[in-house]
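Report on one structure; see the data block that follows.
All of the numbers you see were taken from the coordinates with simple rules; none came from a lab. As the structure is a computational prediction, the values presented were derived from the model and not from experiment. Cβ placement follows ideal geometry from the backbone for every residue including glycine, while neighbour counts extend to all protein chains displayed.
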Amino acid sequence: MKGYSVVSVDENCAMAKAENINASFKDLAEVCGRIRGKKADWAIEFLGRVADGKAAVLYKSHNKRMGHRRELGGKKGRYPQKAAKAVLKVLNSAIANGGVKGLGDEYDILHAIANKRYSYGRAAPKGRWARSDYETSRIEIILKSLSEVPKGVEVTPPKKEEEKKETGKVEAKKEEKPKEEAPKKEEKKEEKKPEPKKEEKKPEKKPEPRKEEKKSDVEEVKK
């Protein structure tokens, strides 16, 4: 199957994966090894206790110079809280995917692995010459449903009530008649106001020149 290390999967299986996780792939691999082959309900409870630091995880490999734990009967182990939270998140996602497919609520963990994804070169702090690469991890989990599905029957998710309501609303809208468009109001035309007439200026009358008095009258005045 594309994106998974498993070649083929049955129809009654649900799966989920996570890429580029900022956690140790060694811790993730040990956590996945402890839940592989177990029931999903038990795995959820166990991972929750490990995430809270209340339970230890047995390390069968990557355990050089590791302390012994009384909880594990004197065997080597640790409390990988960060890794447990990452695996629990992927497990819940796989269960949710199975619910969407209609596979029920009870599952067995058929496949659970973790390995290294990418490695980015980083220089060590404090001016040292040693390298401290930044490594990311990936997780993949496949669940098998305990409820049997007959052969040749395709598993389809149940229809949600919301989808039915939406389809009913769409059909009701189609049955409704289109509303008649109201007649558009005629736009009032702006009446152009008459421009005020300009007053015509009358030509000013020039004063007439005085007429010369008769010489006879002037002479009489002198006398």
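Odds and ends about this structure:
- Pairs with Cβ under 6 Å, 6+ apart, first in segment 59-73 and under 15 Å from R34 (Cα atoms), second of a type in the set (A, V, I, L, M, F, W, C) and not in a loop (DSSP other than H, G, I, E, B): L72/L58
- The lone exception for R70 - which of (1) surrounded by 14 or more Cβ atoms within 10 Å (Cβ to Cβ); (2) among the basic types (K, R); (3) over 27 Å from Y134 (Cβ atoms) it fails: (1)
- Restricting segment 116-136 to residues that are in contact with a Ser or Thr (Cβ under 7 Å, 6 or more places away or on another chain) and closer than 13 Å to F25 by Cα leaves a set whose member that is surrounded by the fewest Cβ atoms within 10 Å (Cβ to Cβ) is Y118.
- Some residue of segment 3-14 being within 26 Å of the chain's Cα centre (by Cα) and buried (at least 20 other Cβ atoms within 10 Å of the Cβ): yes
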